[in-house]
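Here, each number is a calculation from the coordinates, and none is a lab measurement. This is a predicted model, so every value here is computed, not measured. No Cβ is skipped: glycine too gets one built from the backbone with ideal geometry, and neighbour counts run over all protein chains shown.
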Amino acid sequence: MAKRTMYDKMSDGPNRGWTIDDVETLAKQEGMELRRPKRGSHYTLCSEHLRDICTVPYKRPIKVIYIKQVLGYARAHRTRENSGEQSE
């Protein structure tokens, strides 16, 4: 039986009180980069396959709306990565 990824866990329960450490785990598993803030409290999720970024506040727990945005960003990253497309 395959080990469940953080993406699968977050998809099953976006309201489970996820933290920025969980988002960082997701980013590593998916091959994305999570940049720490130089100032302020918002982290930035980046993908070499996407032009846009996804901003996530550090506040614990992270609100459901932000987790859903992170999941959507990860899904777009997967789609672009699997199709071999690069951002322009």
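The loop-placed trypsin sites (Lys or Arg not before Pro) in the chain, going by DSSP, that have at most 11 neighbouring Cβ atoms within 10 Å of their Cβ come out as Lys3, Arg4, Lys38, Arg39, Arg51.
Our estimate of slack between Asp52 and Arg35, defined as 0.36 nm per intervening residue step minus the Cα-Cα distance, is 4.7 nm. Dividing the summed -39500 (n - 2.57) terms of all DSSP H runs of n ≥ 4 by the residue count of the chain sets its mean residue ellipticity at 222 nm at -13500 deg cm²/dmol. Each residue of segment 40-54 is assigned a 3J(HN,Hα), and the resulting list reads x, 10, 10, 8, 10, 9, 10, 9, 5, 8, 10, 7, 6, 10, 10 Hz, derived from the Karplus form 6.51 cos²θ - 1.76 cosθ + 1.60 (θ = phi - 60°), x at Gly and Pro. Straightening the chain between Lys63 and Arg16 buys 16.0 nm, computed as 0.36 nm per residue apart minus the Cα-Cα spacing. Can you bin the chain into rounded, prolate or oblate? Criterion: square roots of the alpha carbon gyration tensor eigenvalues sorted a ≥ b ≥ c, rounded for a/c under 1.5, prolate for a/b above b/c, oblate for the rest. The shape class here is oblate.
List the GluC sites (Glu not before Pro) in segment 7-71 that DSSP assigns to loop (not H, G, I, E or B) and whose Cβ has at most 14 other Cβ atoms within 10 Å. Which are they? In loop regions of segment 7-71 (DSSP not H, G, I, E or B), the sparsely surrounded GluC sites (Glu not before Pro) are Glu48.
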